[in-house]
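Throughout, read-outs are computed from the coordinates displayed, never taken from laboratory work. Model, not experiment: these values are computed from the prediction.
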Amino acid sequence: MPSLAKRLMRRLGGDLKGAGEDLQAMLTLRWELARLEISLAVRQIKALAIVLAVVGVVALVSLSVLTVAAALWIAVHWHRTPESTLFIVGAVLLVLAVLVGIGVVSRFRRRFRGLEDSIAELQEDAEWLKEWAERMVD
């Protein structure tokens, strides 16, 4: 019987070694997935920042030119003071810019995935490890 116990212990040791190697490979792959997702997320954020910077500069330049032109046109045709029409046109353009900004950020948040896949995979792995450990104890 001692040889049976030795064989079982050797087999158990081999199984545990194999499981450990599998676990290491799995964690390595999960780490690589997380790294790739982080890299993708950083690229998406950089692209958003560049687009928002360009849009901001164009909006600021356009805003000043259009505000003055619209205010002067309204002042001449509606017999108002240029100051009051500058205020009204500036306020309208500011509201439009805020609405566009909210739309861009909302669209980004809908499309941005972050680490969702990695977190889901790690949760599945944790559940599998828990079940595996319970089977080993029983």
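With axes computed from alpha carbons, what is the tilt in degrees of helix 116-137 against the longest principal axis of the chain, rounded to the nearest 10 within 0 to 90?
Between the helix axis and the principal axis of the chain, the angle is about 20 degrees.
Could you work out [θ]222 nm for the chain from helices alone, using -39500 (n - 2.57) per DSSP H run of at least four and dividing by all its residues? Round to the nearest 500 deg cm²/dmol.
Value at 222 nm, helices only, nearest 500: -34500 deg cm²/dmol.
Determine the relative contact order of the chain: mean sequence separation of Cα pairs under 8 Å and six or more apart, normalised by residue count, in whole percent.
It comes to 29 percent, rounded to a whole number.
Each residue of the range 73-79 in turn: what ³J(HN,Hα) in whole Hz from Karplus with 6.51, -1.76, 1.60 and θ = phi - 60°, glycine and Pro shown as x?
In residue order, the calculated couplings are 5, 5, 4, 6, 7, 10, 6 Hz.
Taking θ as phi - 60°, what are the ³J(HN,Hα) couplings along the range 19-36 by the Karplus curve (6.51, -1.76, 1.60), each to the nearest whole Hz, with x for Gly and Pro?
My calculation for the range 19-36 gives 5, x, 5, 4, 4, 5, 5, 4, 5, 4, 5, 5, 4, 5, 4, 4, 4, 5 Hz in order.
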